[in-house]
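Below is one structure, written out as structure tokens; comments come after it.
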Amino acid sequence: MNRTPLYEVHKSLNAKFTEFGGWEMPLQYSSIVKEHLAVRESAGLFDLSHMGEIDVKGNGAKELVQKLTTNDVNRLSDGQVQYTLLCNENGGIVDDIVIYRHDGDDFTLVVNAANIEKDFTWIKKHNSLGADVIDDSENTTLIALQGPKSIDILNPFVSELDAADISFFRFVVDEVAGIPAAISRTGYTGEIGFELYVKADSAEDLWNVLYPAVIEAGGLPGGLGARDTLRLEAGLRLYGMDMDDDTTPFEAGLSRFVKLDQGDFIGRDALLVQKEKGDLNKKLVGFQMLDRAVARCGNDVFQNGDHIGKVTSGAPSPSLKCNIGFASISPIVGKSIAIEIRGKKHPATIVKVPFI
Amino acid sequence: MIPDNLRYMESHEWVKSEDDIATVGITDYAQSEIQDIVFVELPDVGTQLTHKAELGVIESVKAAFDLYAPVSGEVIEVNETLLDAPEQVNDSPYDDGWFLKIKMTDPSELDTLLDADGYQAHIEVEDA
């Protein structure tokens, strides 16, 4: 199993580990609920070094990225970040990614840990114009600082710059405590926050600078457990659970990231047909349980006795103190559903996403 | 840490017996492994339980964990306070966090369970 450059740091903090996408990652340091609430109330520090970074640059880079992604890369300016999807010819989602546009037509694609090889192969396969495609994942560490206090925590370490001036989904290449870093106003928690990309050999230095400041501000280090409940409350989908190669962006409720008018891209024809047809066989919805039961991924969903789909993500919400989730279901009338948990049906209702 | 006066299952339930009444909970080790308990699903009073058969479920933020009956018998009382305060299992696993009381039909089943030393050895193996 892969380990991040911060593995020993997590061990010294008594982290409990879990396997995720081929990586041995911290699940929690103290308690998922405490770490979750720390991010909502002050700050959390996350090691996300398992994520992949694929550089696409040089001649043909922009054309390649445009051909591979559903959003419109022409709308990106230097220093801007865009959420987008890689789709296959059937319109199924290969991965959900964020694209960073550097000066000129150089891009970094940040991809899900479990999909690094798959995406790298997919990108190279379609690289007919000969752009430089480089998997830089091993050399890159990603540390996320998330929560309402993250600007105050970061500012003492960025000399020339006020972190508050970096707009949402923008990034600057600068230094944090003298460590060269890309400072990105992005995240997966629904809070104000930053994702900091540094060279892997600076990972421990950066962590050791930020960790005491986070603790001082009343924050905590956060594991994948809290990351999962935070993203779920914020209505953010997780690849491999809420979407996969057989789910289109429309079915995943991600149509605003599909720009059918941007020109041709892989999957466009299939998505156009699905859009014109109008009716989807399945659609991702948010739900809230109406009793104490906790729905989990894989639980069956019913309406009036008919099986209509499955839960894709489900967990107790530490902020809302109720049990929430995503389900992929066929079109239904009304909001009342039942979710079968350990052989018993429990009432739930479809609710608007984000949950918080 | 591990109370001497209780018997234990390898699946981390403890049982305290007084005459033919057995009180059941989970160990401190188990609650610290499970963490963040949000819901405990227990059988109704009157349910007949079978030694080592499934008894209920603990839900934490992260996952669900099955509970097993340490002895056979009828459920005569359930800790209703856990419905609104499941965190009692984390805070006080041997006292306020108890789950239920069973009127045992075969108290000799207790002899098949681990004593404190046996349980200590068992969790050392699990941790290794």
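The values are calculated or read from the model by the stated rules, or taken from the named source; none is laboratory data. Because the structure is a prediction, the values reported are computed rather than measured. Note: ideal-geometry Cβ built from the backbone for every residue, glycine included; neighbour counts use all protein chains shown.
What's the total number of residues in region A:149-161 that are farther than 12 Å from residue A:176 by Cα and out of contact with any strand residue (DSSP E or B) (no Cβ under 9 Å at 6 or more places or on another chain)?
Residues in region A:149-161 being farther than 12 Å from residue A:176 by Cα and out of contact with any strand residue (DSSP E or B) (no Cβ under 9 Å at 6 or more places or on another chain): 2 in total.
Only one of A:285, A:214, A:294, A:301 is in a loop (DSSP other than H, G, I, E, B) and surrounded by 18 or more Cβ atoms within 10 Å (Cβ to Cβ); which?
A:294
Any residue in region B:95-115 that is over 15 Å from residue B:25 (Cα atoms) sitting within a Cβ distance under 6 Å of a residue that is among the aliphatic types (A, V, I, L, M) and surrounded by 17 or more Cβ atoms within 10 Å (Cβ to Cβ)? List the pairs, counting only those 6 or more apart or interchain.
B:104/B:22; B:104/B:71; B:109/B:71
Which one is surrounded by the most Cβ atoms within 10 Å (Cβ to Cβ) among residues in region A:266-280 that are assigned to a helix (DSSP H, G or I) and of a type in the set (D, E, K, R)?
A:268
Those residues that are assigned to a strand (DSSP E or B), within 14 Å of chain B (Cβ to nearest Cβ), touching a residue at least 40 places away in the same chain (Cβ under 8 Å) and of a type in the set (A, V, I, L, M), I need them from region A:304-356; list them, please.
A:315, A:324, A:339, A:341 - these are the residues of region A:304-356 that are assigned to a strand (DSSP E or B), within 14 Å of chain B (Cβ to nearest Cβ), touching a residue at least 40 places away in the same chain (Cβ under 8 Å) and of a type in the set (A, V, I, L, M).
Where in region B:47-128 are the strands (runs of 3 or more DSSP E), entirely inside, with at least 2 residues that are more than 14 Å from chain A (Cβ to nearest Cβ) and under 15 Å from the mean Cα position of the chain (by Cα)?
Result: B:73-78, B:100-104.
Looking at (1) under 18 Å from residue A:251 (Cα atoms); (2) of a type in the set (A, V, I, L, M, F, W, C); (3) within 25 Å of the chain's Cα centre (by Cα), can you tell me which one residue A:333 breaks?
(3)
Going through region B:6-15 one residue at a time, which ones are among the charged types (D, E, K, R) and either surrounded by 18 or more Cβ atoms within 10 Å (Cβ to Cβ) or without any contact (Cβ under 8 Å) to a residue 12 or more places away in the chain (or both)?
Within region B:6-15, B:7, B:13 qualify.
Inspect all residues belonging to region A:155-170 and state whether any of them is buried (at least 16 other Cβ atoms within 10 Å of the Cβ), at positive phi and out of contact with any Lys or Arg (no Cβ under 9 Å at 6 or more places or on another chain).
For region A:155-170, residues buried (at least 16 other Cβ atoms within 10 Å of the Cβ), at positive phi and out of contact with any Lys or Arg (no Cβ under 9 Å at 6 or more places or on another chain): absent.
Look through A:12, A:30 and report the one residue that is of a type in the set (Gly, Ala, Ser), surrounded by fewer than 20 Cβ atoms within 10 Å (Cβ to Cβ), away from chain B (no Cβ under 14 Å) and under 21 Å from residue A:208 (Cβ atoms).
Going through A:12, A:30 in turn, the sole match is A:12.
Of A:151, A:134, A:123, A:179, which residue is touching a residue at least 40 places away in the same chain (Cβ under 8 Å) and in contact with an Asp or Glu (Cβ under 6 Å, 6 or more places away or on another chain)?
A:134
Given the conditions (1) under 11 Å from the mean Cα position of the chain (by Cα); (2) more than 14 Å from chain A (Cβ to nearest Cβ); (3) under 30 Å from residue A:229 (Cα atoms), which single one is not true for residue B:24?
Single failed check for residue B:24: (3).
Residue by residue, here is whether (1) surrounded by 22 or more Cβ atoms within 10 Å (Cβ to Cβ); (2) away from chain B (no Cβ under 14 Å); (3) free of Cβ contacts under 8 Å to residues at least 24 places away in the same chain; (4) closer than 22 Å to residue A:111 by Cβ holds:
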position	(1), (2), (3), (4)
A:2	no, yes, no, yes
A:20	no, no, no, yes
A:41	no, yes, no, no
A:63	no, yes, no, yes
A:67	no, yes, no, yes
A:74	no, yes, no, yes
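Just checking, does region A:259-282 include any residue being under 17 Å from the mean Cα position of the chain (by Cα) and of a type outside the set (Phe, Trp, Tyr)?
Checking region A:259-282: not a single residue is under 17 Å from the mean Cα position of the chain (by Cα) and of a type outside the set (Phe, Trp, Tyr).
Please verify whether residue A:300 is within 15 Å of residue A:347 (Cα to Cα), in the same structural domain as residue A:349 (by TED's automatic domain parsing) and over 26 Å from the mean Cα position of the chain (by Cα), treating the condition exactly as stated.
Taking the combined requirement at face value, the residue does not satisfy it.
How many of the residues making up region A:190-227 are farther than 12 Å from residue A:145 by Cα and basic (Lys, Arg)?
So the answer is 1.
In a loop (DSSP other than H, G, I, E, B), on the phi < 0 side of the Ramachandran plot, touching a residue at least 12 places away in the same chain (Cβ under 8 Å) and within 14 Å of chain A (Cβ to nearest Cβ): does that describe residue B:43?
So residue B:43 fits the description; yes.
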